[in-house]
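Student: Below you'll find the structure I mean.
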Amino acid sequence: MRMKCVENVATDSVQPAAPSTPTLWALLLPEAGFRSQVMGLAESIGGNVIEKNIDLRAPWSLLPSTLCPFPLWGLDPSLDQLAPPWPDVVIGCGRRTIPIALEIKRQSAGKTKAIYIQNPKGATPSFDLVVSMKHDEQSGPNVMNVDTAIHRVTRIKLDNAGMEWQARFGAFPRPLIGVILGGRNRSFRFTDAVAKSAIANLSALADKTGASFVITPSRRTDPHIIDHFKTFVKNQSHAILWDGNGDNPYFGMLALCDGLIVTEDSVSMVSEAIASGKPVATISLEGHAPRHLKFIDNLLDKKAITRFNGDLPSTSNVMLSDYTALAAERVRTMLASKQK
């Protein structure tokens with residue numbers, strides 16, 4: 001199986017881009033998908049990155065992001081609190097970070113550059129940069145449209161993970177296939193029927209190619225779904241499933257597997273798989289979410305992914321842009337202009 005080129009993987013990240021080192025606040029909500037995107041962009045921009053673990057409490061958390069007065073008063077008191085000196089850059093992802101980031105910009109008299117990842121809807125004009133998926137159909141001079149989510153996958157991280165996991169994965173017969181499982185969310189359901197269909201296709205792939213498998217569930221994967229894959233692993237000569245104990249093999253899989261199979265429920269998981277430079281096939285779950293399906297359809301149309309049908313994930317010559325690096329460069333340019 002030919003390997004896909006990896007030029008779309010970021011060169012690692014922490015790059016000073018302005019005459020002095022900027023201070024960045026990464027606003028981190030509990031949701032893993034939001035956190036990974038914020039940290040991916042912050043690390044790529046470089047500088048003094050400060051993690052701020054935050055959330056809004058009721059009633060602030062229930063209010064529309066554009067109608068949320070005094071949002072700093074609504075911060076969860078058990079998490080980080082926010083006070084001057086304000087940073088050079090604040091980065092948010094997830095609706096509850098919108099009023100917080102804009103309040104920091106307001107209190108800094110505009111000196112803090114406010115960056116938002118995803119779609120802030122009516123608040124778009126108030127941000128200095130919005131990094132929004134193409135299916136969100138955002139536009140404006142401060143909007144950067146992207147095919148895949150911002151992520152933390154970089155060449156150095158992959159190289160380090162490859163060295164760390166080579167001894168553990170090296171004995172597996174090739175092709176070595178990584179299987180990344182998501183789970184139920186507001187729009188999709190990982191049902192027994194989906195699991196059984198996926199396992200039938202994995203079994204067919206093993207029979208046809210002698211493939212071996214490394215499987216990792218996420219925190220959203222229901223235990224009864226994991227049980228199906230445990231049974232599959234027991235019936236295979238060369239397969240392992242991470243049980244949540246010990247080191248997470250996720251980055252090792254991105255680094256060393258010959259192909260990746262990912263459930264479609266998570267934009268971040270699909271985007272990170274693509275960023276690895278490996279061939280990617282996806283498994284659709286039950287449910288319907290028009291915006292999410294536009295994301296998948298766009299990648300299928302561009303041949304950046306295929307749908308898993310029991311065959312090896314197919315190699316593509318399509319090279320998507322490294323949107324994390326491009327967004328980071330826009331912020332660094334913004335900071336450099338600010339200092340002139």
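Student: I need every pair where a residue in the stretch 120-145 that is closer than 18 Å to ARG291 by Cβ has its Cβ under 7 Å from the Cβ of a residue that is of a type in the set (Phe, Trp, Tyr) and in a helix (DSSP H, G or I), sequence separation at least 6 or different chains.
Tutor: From residues that are closer than 18 Å to ARG291 by Cβ, the pairs are MET133/PHE295; HIS135/PHE295.
Student: Same structure, new question: Can you tell me which residue is nearest to PRO30 (Cα to Cα) among those in the stretch 63-113 that are without any contact (Cβ under 8 Å) to a residue 24 or more places away in the chain and in contact with a Lys or Arg (Cβ under 8 Å, 6 or more places away or on another chain)?
Tutor: In this case the residue turns out to be ASP76.
Student: Which is of a type outside the set (Asp, Glu) and surrounded by 15 or more Cβ atoms within 10 Å (Cβ to Cβ), of ALA171, ALA204, ALA198?
Tutor: Testing whether each residue is of a type outside the set (Asp, Glu) and surrounded by 15 or more Cβ atoms within 10 Å (Cβ to Cβ) leaves just ALA198.
Student: Which number in (1) part of a strand (DSSP E or B); (2) surrounded by fewer than 19 Cβ atoms within 10 Å (Cβ to Cβ) marks the one condition that VAL90 misses?
Tutor: Tallying (1) part of a strand (DSSP E or B); (2) surrounded by fewer than 19 Cβ atoms within 10 Å (Cβ to Cβ), VAL90 fails exactly one: (2).
Student: Out of ALA304, ALA275, ALA289, report the one residue that is surrounded by 15 or more Cβ atoms within 10 Å (Cβ to Cβ), in contact with a His (Cβ under 7 Å, 6 or more places away or on another chain), within 27 Å of GLY40 (Cβ to Cβ) and in contact (Cβ under 8 Å) with a residue 60 or more places away in the chain.
Tutor: On the way: ALA304 fails: in contact with a His (Cβ under 7 Å, 6 or more places away or on another chain); ALA289 fails: in contact with a His (Cβ under 7 Å, 6 or more places away or on another chain).
Answer to the selection: ALA275.
Student: Filtering the stretch 93-121 down to residues that are in a strand (DSSP E or B) and either outside the structural domain of GLU43 (by TED's automatic domain parsing) or among the β-branched types (Val, Ile, Thr) (or both), which residue is nearest to SER266 (Cα to Cα)?
Tutor: Applying the filter and picking the extreme gives ILE117.
Student: Of the residues that make up the stretch 29-39, is at least one touching a Pro at 6+ places or on another chain (Cβ under 9 Å), at pLDDT 95 or above and not in a helix (DSSP H, G or I)?
Tutor: no
Student: Here is a further query. Given the criteria farther than 28 Å from MET319 by Cβ and either modelled with pLDDT under 95 or of a type in the set (Asp, Glu) (or both), does SER237 qualify?
Tutor: So SER237 fits the description; yes.
Student: Just wondering, is there one or more residues in the stretch 5-15 that are modelled with pLDDT under 95, surrounded by fewer than 18 Cβ atoms within 10 Å (Cβ to Cβ) and farther than 29 Å from VAL270 by Cα?
Tutor: no
Student: Considering the stretch 150-201 alone, what residues qualify as being assigned to a strand (DSSP E or B) and either closer than 28 Å to ALA328 by Cα or within 19 Å of the chain's Cα centre (by Cα) (or both)?
Tutor: Residues satisfying the conditions are THR154, GLY178, VAL179, ILE180, PHE188.
The values are calculated or read from the model by the stated rules, or taken from the named source; none is laboratory data. Source: prediction; values computed, not measured. All Cβ positions, glycine included, derive from the backbone under ideal geometry; neighbour counts span all protein chains shown.
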